[in-house]
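Derivation of every value follows stated rules applied to the coordinates shown; laboratory data play no part. From a predicted model like this one, the values you see are computed outputs, not experimental measurements. Cβ placement follows ideal geometry from the backbone for every residue including glycine, while neighbour counts extend to all protein chains displayed.
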Amino acid sequence: MSESSDTIAEIMSVDLVTVTEEQRLSHVRQLMSEHKIHHVPVVRDGACIGLISSTDLMRVNWGDLYSQTEAVTDALLDTVSIRDAMQEDLRVIHRDTSVVEAARLFADGMYHSLPVVDDDDRLVGMLTTTDLLRYLLRFAPGA
């Protein structure tokens, strides 16, 4: 593993599940449950304008999101728009960002996922702490 040759393009997720700001938070919850993910990019015309995390859904719900019936949870979630719940102050990275640089961003503790954009700021992937751990495990003895 070398800082100069390994980029996040090699390890990022590219089969993305995204939403638009017009969709309902209940749809986001359903996508997270169905795809077993914790972060969903919010896109407009291909550009990432926000991010919804499972933590954001819990903030809206004021409780344990998964202990209620889905109908009750969805009704509560749909009282708030994606636009109001999403994180808009995003830290994005590019495909050529080094794995080491991305790891430093995660190690700082502020991020658990980073949208990956191209030179036109279009969303092309997501890098999560899980992606990074899977990559690092390739170098672990006995892995």
Exercise. Using amide H atoms built 1.01 Å from N in the peptide plane, name the residues 5+ places from Val43, or on other chains, whose amide H lies under 5 Å from its own.
Key: Val19, Thr20, Glu21, Ile49
Quiz prompt | Cα-derived Rg over Rh, computed across the range 8-137 with Rh taken as Kirkwood radius | solution = 0.98
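I want the local charge near Gly125. Using Cβ-Cβ distances under 10 Å, sum +1 for each Lys or Arg and -1 for each Asp or Glu among the other residues.
Working: positive: Arg95; negative: Asp15, Asp118, Asp131.
Here the count lands on -2.
With +1 on each Lys and Arg Cβ and -1 on each Asp and Glu Cβ, how big is the dipole of the chain about its Cα centre, in debye rounded to the nearest 20? Write down the numbers at each step before the final one.
Values: 12 positive and 24 negative charges, 85 e Å.
Value, rounded to 20: 400 debye.
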Quiz item: Using θ = phi - 60° and the Karplus form 6.51 cos²θ - 1.76 cosθ + 1.60, what ³J(HN,Hα) does each residue of the range 134-139 get, whole Hz, x for Gly and Pro?
Solution: 4, 4, 5, 4, 4, 9
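Suppose R0 equals 22 Å; then what is the FRET efficiency for Ala140 and Asp6 from their Cβ-Cβ distance, rounded to the nearest 0.05?
Details: r = 15 Å, r/R0 = 0.70.
For Ala140 and Asp6, the calculated efficiency is 0.90.
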Quiz prompt | Hz values of 3J(HN,Hα) by residue in the range 84-94 - Karplus curve (6.51, -1.76, 1.60), Gly and Pro given as x | solution = 7, 8, 6, 7, 9, 7, 8, 9, 10, 10, 10
